[in-house]
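The values are calculated or read from the model by the stated rules, or taken from the named source; none is laboratory data. Here the structure is a predicted model, which means the values were calculated and not measured. Ideal geometry is used to build each Cβ from the backbone, glycine not excepted, and the neighbour counts take in all protein chains shown. Accessible surface areas use protein heavy atoms only, side chains included; no ligands, DNA or RNA. Shrake-Rupley method; radii C 1.70, N 1.55, O 1.52, S 1.80 Å.
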Amino acid sequence: MYVQEENSVYLSISDISKTFQQDKNPPLSVFHDINIAIQQGEFVSLLGPSGCGKSTLLSIIAGLSRPSTGKILLENKAITAPGPDKSMVFQESALFPWMTVNENVTFPLRKKMNKKERAQSAASYLKMVHLSKFADHYPHELSGGMQQRVSIARALAMNAKLLLMDEPFGALDEQTRIILQEELERIWLETEKTIIFVTHSIREAIKLSDRVIIMGARPGTVISDFKVDLPRPRLQQDMAELEEEVLKILKVEIDKVMKEELQYAGSD
Amino acid sequence: MPVAIKRILFFFILILLWQGIVIAGIWPESMIPAPLSVAKELYLGFKDMTLVWDILASFRHLFIGLACSLVIGTILGVLLANNKTLDETLGSMILALQSVPSIVWVPLAIIWFGFGEASIIFVVIIGGTFVMTMNMRIGIKNVPPIYLKAARTMGSNGVDLFFKVIVPAAIPYAVTGVKLAWAFSWRALMAAELLSTGPGLGYTLSYASDFNNMSLVIGIIIIIGVIGSVVDQLVFQRIEKSVLKRWGLEEEVA
Ligand SMILES: Nc1ncnc2c1ncn2[C@@H]1O[C@H](COP(=O)(O)OP(=O)(O)OP(=O)(O)O)[C@@H](O)[C@H]1O
Ligand SMILES: [Mg+2]
């Protein structure tokens, strides 16, 4: 019975923990006992206080780092390395400064497409993030928010089935953010991609996702995991109640982090 | 006041001072020749082409030597950056060699290769190689990990990752390495040429000194300084600036 259940899961994260060995300080336990099962096509948001390990978890799913303990399977195969089945938008800018915007976006397509297809694909995703005019600019000539949009275009251009996004809309103004949220929702509805989306915005999480997972303060674990069953496109008034609830849970965790900070600062 | 005018004024006053010292007659002309007699030596040297051949010969030594040192330095740098054991052993030796002034290699080169061009080129290669090595090494070691991670998620690894991401990311360091290698090679070149049997600027300088032609000695020193600064500013500073700009590393000058 158990085996069968595991088979139907697209991404299975079981009992993973991550501990960083540090040279001078004692080992840092980031999280432990994380168990998450994600179905194909699910849109999952990950919320949690700063430093709780969201980026760390994402990079483990991306195959860029290994969990200290536990097992992580994508379509029943252990994740050991990055691959064309997953693409990632990083929290910090990861554009190559020596390439133009266009060259950056076509970089992941080099082996898959010919020149013409690459150009078309890049152009369509740059258009989507409203940066067609900047195709021949270098990243440092763009603002932080524009760079973030290029990163999103680059990740989407890969057209991977699993899309990992680490605060992709963090540096955007409200207007652009809403436009891109709608675009992402549209792409997701059209393509059946599975999306794992890290954000600090409760509203964004509830607006976009099928499911919200909340991680607790470090060393933490999943403290809440629930479905969002609201009709799309989601309206402000429908979301308000849920927002309230999530805020309450998160507040407790953020207070914990703050208290620890204060204690540490006071102990010197 | 524009920089150019400031500079012209400065050199004008310097030459006036120089002329003043000569007129005051504190030192004999054989030690401090007049500016005009230096100018005359230079004029004669260029007119009968001897100085032109010297400059061409020096540049030939420099180009061959520098080209070799850049190739060797790049290869060594890449090896050191990628192999820990090599870095801990050969790397420490190169660091030590880097602090040895190039002129020290001249006697050794003469014993191995004689007084000809081979010796000069050997010393020039030694002069540029180590600084290029160390810059290439640090450039590759300092590639921001986020670029590597991003590239790996986009299906790049191995040779592709190295040439498409690591090398371009290291270019700013490599360019600094090239600039320093040129400066070191240029100095090494002069040291080696002084003890060679010519042709070359350094050779002619020591020749002029042997014949007490102080005007030509100073004239050649001026040529060496002018070539050095012109090449540095017109070639290497420009390359460095445009690379830094392209890589987005140039600081905004207010
Ligand atoms: N390579 C590393 N070595 C040591 N510690 C690390 C490393 N990477 C992350 N950490 C630590 O792990 C913890 C979690 O980091 P992570 O970046 O995953 O947090 P996060 O939840 O993404 O935070 P934020 O919301 O601020 O982005 C932090 O305390 C951080 O200091
Ligand atoms: Mg993070």
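In the stretch B:100-116, what count of residues is obtained for those that are outside any helix (DSSP H, G or I) and farther than 9 Å from B:SER196 by Cα?
First, pick out the residues of the stretch B:100-116 that are outside any helix (DSSP H, G or I): B:100-101, B:114-116.
So of that shortlist, the ones also farther than 9 Å from B:SER196 by Cα come out as B:100-101.
Matching residues across the stretch B:100-116 total 2.
Pick from the stretch A:207-216 the residues that are more than 16 Å from ligand 2 (Cβ to nearest atom) and more than 13 Å from the chain's Cα centre (by Cα): which of them is surrounded by the most Cβ atoms within 10 Å (Cβ to Cβ)? I'd like the intermediate steps shown before the answer.
Step one: of the stretch A:207-216, the residues more than 16 Å from ligand 2 (Cβ to nearest atom) are A:207-212.
Within this subset, residues satisfying the condition of being more than 13 Å from the chain's Cα centre (by Cα) are A:207, A:210-211.
Numbers: A:LYS207: 24, A:ASP210: 18, A:ARG211: 18.
Top of the filtered list is A:LYS207.
For the stretch A:191-222, give me the residue count where each residue is farther than 19 Å from A:ILE38 by Cα and of a type in the set (D, E, K, R).
Number satisfying all stated conditions: 3.
Does B:GLU193 satisfy the condition of being of a type in the set (D, E, K, R), touching a Gly at 6+ places or on another chain (Cβ under 6 Å) and part of a helix (DSSP H, G or I)? Before the answer, list the steps.
Working: of a type in the set (D, E, K, R): yes; touching a Gly at 6+ places or on another chain (Cβ under 6 Å): yes; part of a helix (DSSP H, G or I): yes.
Against the criterion (of a type in the set (D, E, K, R), touching a Gly at 6+ places or on another chain (Cβ under 6 Å) and part of a helix (DSSP H, G or I)), B:GLU193 qualifies.
State all residues of the stretch A:97-117 that are among the polar types (S, T, N, Q) and within 14 Å of chain B (Cβ to nearest Cβ); if no residue qualifies, say none.
Quick first cut of the stretch A:97-117, residues among the polar types (S, T, N, Q) only: A:100, A:102, A:104, A:106, A:114.
Scanning the stretch A:97-117 gives A:THR100, A:ASN104, A:THR106.
Say we look at the stretch A:32-67 and pick out the residues that are away from ligand 2 (no atom under 16 Å from the Cβ), away from chain B (no Cβ under 14 Å) and open to solvent by 30 Å² or more (accessible area, probe 1.4 Å); which of these is nearest to A:ASP255 (Cα to Cα)?
Going through the qualifying residues, I end up with A:HIS32.
Would you say A:GLY70 is away from every other protein chain (no Cβ under 14 Å), in contact (Cβ under 8 Å) with a residue 12 or more places away in the chain and open to solvent by 10 Å² or more (accessible area, probe 1.4 Å)? Can you show your working first?
Values: away from every other protein chain (no Cβ under 14 Å): yes; in contact (Cβ under 8 Å) with a residue 12 or more places away in the chain: yes; open to solvent by 10 Å² or more (accessible area, probe 1.4 Å): yes.
Yes.
Please verify whether the stretch B:219-236 includes one or more residues that are buried (at least 16 other Cβ atoms within 10 Å of the Cβ) and over 18 Å from the mean Cα position of the chain (by Cα).
Taking every residue of the stretch B:219-236 in turn, at least one turns out to be buried (at least 16 other Cβ atoms within 10 Å of the Cβ) and over 18 Å from the mean Cα position of the chain (by Cα).
Filter the stretch B:155-183 for residues that are touching a Lys or Arg at 6+ places or on another chain (Cβ under 8 Å) and within 9 Å of chain A (Cβ to nearest Cβ) and give the result.
As a first pass, look at the stretch B:155-183 and keep what is touching a Lys or Arg at 6+ places or on another chain (Cβ under 8 Å): B:155-156, B:161.
Once the filter is applied, which keeps residues that are touching a Lys or Arg at 6+ places or on another chain (Cβ under 8 Å) and within 9 Å of chain A (Cβ to nearest Cβ), the stretch B:155-183 yields B:GLY155, B:SER156.
Just to be sure I understand, how many residues within the stretch A:219-268 are of a type outside the set (Gly, Ala, Ser) and either in contact with a Pro (Cβ under 8 Å, 6 or more places away or on another chain) or in a helix (DSSP H, G or I) (or both)? If you could, list the steps in order and put the result at the bottom.
Quick first cut of the stretch A:219-268, residues of a type outside the set (Gly, Ala, Ser) only: A:219, A:221-223, A:225-239, A:241-264, A:268.
With either in contact with a Pro (Cβ under 8 Å, 6 or more places away or on another chain) or in a helix (DSSP H, G or I) (or both) added as a condition, the list becomes A:236-239, A:241-264.
So the count comes out to 28.
Conditions (1) more than 21 Å from A:THR56 (Cα to Cα); (2) more than 14 Å from chain B (Cβ to nearest Cβ); (3) not in a loop (DSSP other than H, G, I, E, B), marked per residue:
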residue	(1), (2), (3)
A:LEU95	no, no, no
A:ALA119	yes, yes, yes
A:LYS127	yes, yes, yes
A:ALA153	yes, no, yes
A:PHE169	no, yes, no
A:LEU172	yes, yes, no
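Does the stretch A:217-245 hold any residues that are within 15 Å of ligand 2 (Cβ to nearest atom) and either open to solvent by less than 10 Å² (accessible area, probe 1.4 Å) or within 17 Å of the chain's Cα centre (by Cα) (or both), and which are they? If you could, list the steps in order and put the result at the bottom.
At the first step, the residues of the stretch A:217-245 found to be within 15 Å of ligand 2 (Cβ to nearest atom) are A:217-218, A:220.
Listed by number, the list holds a single entry, A:GLY220.
Given the conditions (1) open to solvent by 30 Å² or more (accessible area, probe 1.4 Å); (2) assigned to a helix (DSSP H, G or I); (3) touching a residue at least 60 places away in the same chain (Cβ under 8 Å), which single one is not true for B:SER119?
(1)
Taking A:LYS256 and the conditions (1) without any contact (Cβ under 8 Å) to a residue 60 or more places away in the chain; (2) not assigned by TED's automatic domain parsing to the domain that holds A:PHE31, which numbered condition does it fall short on, given that it satisfies the others?
(1)
So A:GLN91 clears everything in (1) away from ligand 2 (no atom under 16 Å from the Cβ); (2) touching a residue at least 40 places away in the same chain (Cβ under 8 Å); (3) open to solvent by 20 Å² or more (accessible area, probe 1.4 Å); (4) of a type outside the set (Gly, Ala, Ser) except one condition, right? Which one?
With respect to (1) away from ligand 2 (no atom under 16 Å from the Cβ); (2) touching a residue at least 40 places away in the same chain (Cβ under 8 Å); (3) open to solvent by 20 Å² or more (accessible area, probe 1.4 Å); (4) of a type outside the set (Gly, Ala, Ser), A:GLN91 is out only on (1).
Among the listed residues B:VAL52, B:VAL22, B:VAL100, identify the single one that is free of Cβ contacts under 8 Å to residues at least 60 places away in the same chain, surrounded by fewer than 13 Cβ atoms within 10 Å (Cβ to Cβ) and closer than 24 Å to B:PHE211 by Cα.
Numbers: B:VAL22 fails: surrounded by fewer than 13 Cβ atoms within 10 Å (Cβ to Cβ); B:VAL100 fails: closer than 24 Å to B:PHE211 by Cα.
That would be B:VAL52, the only listed residue that is free of Cβ contacts under 8 Å to residues at least 60 places away in the same chain, surrounded by fewer than 13 Cβ atoms within 10 Å (Cβ to Cβ) and closer than 24 Å to B:PHE211 by Cα.
Inspect all residues belonging to the stretch A:2-10 and state whether any of them is within 16 Å of ligand 2 (Cβ to nearest atom), more than 14 Å from chain B (Cβ to nearest Cβ) and either in contact with a Lys or Arg (Cβ under 9 Å, 6 or more places away or on another chain) or at pLDDT 95 or above (or both). Break it down into steps so the answer makes sense when it comes.
First pass over the stretch A:2-10, keeping only residues within 16 Å of ligand 2 (Cβ to nearest atom): none.
No, the stretch A:2-10 contains no residue that is within 16 Å of ligand 2 (Cβ to nearest atom), more than 14 Å from chain B (Cβ to nearest Cβ) and either in contact with a Lys or Arg (Cβ under 9 Å, 6 or more places away or on another chain) or at pLDDT 95 or above (or both).
Can you tell me which of A:SER29, A:SER12 is within 13 Å of ligand 1 (Cβ to nearest atom), out of contact with any Gly (no Cβ under 9 Å at 6 or more places or on another chain) and either part of a strand (DSSP E or B) or open to solvent by less than 20 Å² (accessible area, probe 1.4 Å) (or both)? Break it down stepwise before answering.
Working: A:SER12 fails: within 13 Å of ligand 1 (Cβ to nearest atom).
Exactly one of A:SER29, A:SER12 is within 13 Å of ligand 1 (Cβ to nearest atom), out of contact with any Gly (no Cβ under 9 Å at 6 or more places or on another chain) and either part of a strand (DSSP E or B) or open to solvent by less than 20 Å² (accessible area, probe 1.4 Å) (or both), namely A:SER29.
Right, A:GLU167: on the phi > 0 side of the Ramachandran plot and in the same structural domain as A:SER50 (by TED's automatic domain parsing) or not? Let's see the steps before the verdict.
Working: on the phi > 0 side of the Ramachandran plot: yes; in the same structural domain as A:SER50 (by TED's automatic domain parsing): yes.
Criteria met by A:GLU167.
If I filter the stretch A:94-115 for residues that are touching a residue at least 24 places away in the same chain (Cβ under 8 Å), within 16 Å of ligand 1 (Cβ to nearest atom) and on the phi < 0 side of the Ramachandran plot, do I get at least one hit?
Yes, there is a match, as at least one residue in the stretch A:94-115 is touching a residue at least 24 places away in the same chain (Cβ under 8 Å), within 16 Å of ligand 1 (Cβ to nearest atom) and on the phi < 0 side of the Ramachandran plot.
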